[in-house]
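Structure, as structure tokens:
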Amino acid sequence: MIRCVVCGEEYDDDEVIYTCKKCGSVLELASLDVDIDKSIFECRKDTLWKYKELIPVNSDHIVTLGEGGTPFCKCDKIGEELGVDLYVKVEGSNPTGSFKDRGMTVGVTKAVELGVDTVGCASTGNTSASLSAYAARAGLRCIVFLPSGKVALGKLAQAMFHGAEVISIDGNFDEALEAMTALALDKYLYLLNSINPYRLEGQKTIGYEILQDLGWESPDRIILPVGNAGNISAIWKGVSEFYDLGFVDSKPMMTGIQAEGACPITNAFRKGTKDVVPVDDPETIATAIRIGAPVSYIKAMNAIYDSNGYSETVTDEEILDAQKYLARKEGIGVEPASAASIAGLRKLREEGVIDKGERVACVVTGHLLKDPNTAIDACTKPVEVSADIDALKNLLTNKE
Ligand code: F0G
């Protein structure tokens, strides 16, 4: 059953609906009431479909590329430096290189179940990369709207190469999403942005996996970047469901990090309200989270307040610095938006919001290669020399 998160109005699972007809708010799938022992998940193949009993689609006909089951890396070097017990959930290891694949395997499976022939999304890049791959796999027509000139190269390449009809919108993500949503409401296509509650049913498994990765315990805190605010809402739903099923006996503080130039959620948190005022001209080097009007803001504010969590901003400089820190200290390559979680951890430790010794799980949402230009610009160019052994020895010795 689909349910409005604000007024509780209920809708049938198969109704194509994105917001509540009564009050206009966002929707969610009611959690499934299952009688299941958690040990069953231990012996299944490590994809998110190991949790199929808790995902409300017909699991006999799934559209999958093997998403989920991503690495959960204990990061002792950074952990020791920052004084926390640190784990990093590496979502860049999903099939198209971001956590969006978790949402798309479920969302596109639902699209096929509903019998639609066209799917679409607006995107800062990763959603479109993911949807175009899953639409190709399912044989569906795929239309994506991208904010002109603001999509990282790797993501653009993916959307184009998988055969989506890519349309560059002269405007930002918020404007592109508004246009795409209007088309969906006019029934031109089935919308697969995260306002579609089935998307979040896939993404909630990040929360499931973190708890299972920790041996059925909750971390003290989960930190992640926030843009359109779907993922923080999804992960909170996931950890809450496992808690309600009795699989764990505590829940993490949900901690959302935004870029300083695109921070409507943090602004609301600072004021202690759930009323989120859109930011008109969002700007950040972390193009994935360059979003001023997050559609899932109500769910995100609920997640932060209900979990006794927190929200903070980081500057572009702090993001780029954290991106390099994670890559060079721990060998984990992530795109700028993902590094916001590490930059946020650093800042909140300095501010004393995060206690010494806390067990923290940082979600890093997309792969380094999504944005090769930013990565190259952050490094000094390789030296050019001939393949002459003496010249090379000279060069390497002088470097020491
Ligand atoms: N990290 C990455 C790498 C993302 O691509 C996104 C969102 C986020 C974090 C934020 O997640 O929106 O659920 O709060 N990317 C979307 C896209 C907007 O179009 O690819 P969120």
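Could you list, in sequence order, all residues of the stretch 135-162 that are within 22 Å of Asp371 (Cβ to Cβ), open to solvent by 60 Å² or more (accessible area, probe 1.4 Å) and not in a loop (DSSP other than H, G, I, E, B)?
Leu153, Met160, Phe161
Is it fair to say Ile2 is open to solvent by less than 60 Å² (accessible area, probe 1.4 Å), touching a Leu at 6+ places or on another chain (Cβ under 6 Å) and not assigned by TED's automatic domain parsing to the domain that holds Glu241?
Yes, satisfied.
So which residues in the stretch 214-244 are polar (S, T, N, Q) and either more than 23 Å from Phe41 (Cα to Cα) or buried (at least 22 other Cβ atoms within 10 Å of the Cβ) (or both), if there are any at all?
Of everything in the stretch 214-244, those that are polar (S, T, N, Q) and either more than 23 Å from Phe41 (Cα to Cα) or buried (at least 22 other Cβ atoms within 10 Å of the Cβ) (or both) turn out to be Ser218, Asn228, Asn231, Ser233.
Identify the residue in the stretch 72-115 that is part of a loop (DSSP other than H, G, I, E, B) and away from the ligand (no atom under 16 Å from the Cβ) and, among all such residues, is nearest to Val334 (Cα to Cα).
Residue satisfying both the conditions and the ranking: Cys75.
If we only count helices (runs of 4 or more DSSP H) wholly inside the stretch 249-352, which ones have 1 or more residues that are under 20 Å from the mean Cα position of the chain (by Cα), away from the ligand (no atom under 13 Å from the Cβ) and in contact (Cβ under 8 Å) with a residue 60 or more places away in the chain?
Result: 297-306, 316-330, 336-350.
Somewhere in the stretch 81-92, is a residue assigned by TED's automatic domain parsing to the domain that holds Cys362, among the hydroxyl-bearing types (Ser, Thr, Tyr) and crowded, with 17+ Cβ neighbours inside 10 Å?
yes
Mind checking whether some residue in the stretch 198-207 is buried (at least 19 other Cβ atoms within 10 Å of the Cβ), more than 17 Å from the chain's Cα centre (by Cα) and at pLDDT 95 or above?
Among the residues of the stretch 198-207, not one is buried (at least 19 other Cβ atoms within 10 Å of the Cβ), more than 17 Å from the chain's Cα centre (by Cα) and at pLDDT 95 or above, which makes the answer no.
In the stretch 5-35, how many are hydroxyl-bearing (Ser, Thr, Tyr) and either part of a loop (DSSP other than H, G, I, E, B) or in the same structural domain as Val108 (by TED's automatic domain parsing) (or both)?
3
Output the residues belonging to the stretch 16-59 that are charged (D, E, K, R) and within 23 Å of Asn231 (Cα to Cα).
Glu28, Asp33, Asp46, Lys50, Lys52, Glu53
When only residues in the stretch 116-134 that are more than 15 Å from the ligand (Cβ to nearest atom) and not hydrophobic (A, V, I, L, M, F, W, C) count, which is surrounded by the fewest Cβ atoms within 10 Å (Cβ to Cβ)?
Asp117
Among the residues of the stretch 301-315, which ones are on the phi < 0 side of the Ramachandran plot and open to solvent by 50 Å² or more (accessible area, probe 1.4 Å)?
Tyr305, Asp306, Tyr310
Confirm whether Leu211 is of a type outside the set (Phe, Trp, Tyr) and open to solvent by less than 10 Å² (accessible area, probe 1.4 Å).
Yes.
Could you please give the count of residues in the stretch 376-391 that are touching a residue at least 12 places away in the same chain (Cβ under 8 Å) and closer than 30 Å to Val151 by Cβ?
1
Considering each of Leu32, Leu27, Leu65 in turn, give the residue that is in contact with a helix residue (DSSP H, G or I) (Cβ under 8 Å, 6 or more places away or on another chain) and loosely packed, with under 15 Cβ neighbours inside 10 Å.
Just a single option satisfies the conditions, and that option is Leu32.
Checking the condition at pLDDT 95 or above, open to solvent by 10 Å² or more (accessible area, probe 1.4 Å) and in contact with a Cys (Cβ under 7 Å, 6 or more places away or on another chain), which residue from Glu330, Glu318 passes?
Result: Glu330 is the single residue among Glu330, Glu318 that is at pLDDT 95 or above, open to solvent by 10 Å² or more (accessible area, probe 1.4 Å) and in contact with a Cys (Cβ under 7 Å, 6 or more places away or on another chain).
Name the residue that is surrounded by the fewest Cβ atoms within 10 Å (Cβ to Cβ), counting only residues in the stretch 163-188 that are in contact with a helix residue (DSSP H, G or I) (Cβ under 6 Å, 6 or more places away or on another chain), among the aliphatic types (A, V, I, L, M) and within 20 Å of Tyr134 (Cα to Cα).
It comes out as Val166.
I need a count of the residues in the stretch 35-62 that are among the small types (Gly, Ala, Ser) and surrounded by 12 or more Cβ atoms within 10 Å (Cβ to Cβ).
Of the residues in the stretch 35-62, 1 are among the small types (Gly, Ala, Ser) and surrounded by 12 or more Cβ atoms within 10 Å (Cβ to Cβ).
The values are calculated or read from the model by the stated rules, or taken from the named source; none is laboratory data. Note that the coordinates shown come from a computational prediction; the quantities given were computed from them, not determined experimentally. Every residue, glycine among them, receives a Cβ derived from its backbone with ideal geometry; neighbour counts consider all protein chains shown. Only protein heavy atoms, including side chains, enter the accessible area calculation; ligands, DNA and RNA are left aside. Shrake-Rupley method; radii C 1.70, N 1.55, O 1.52, S 1.80 Å.
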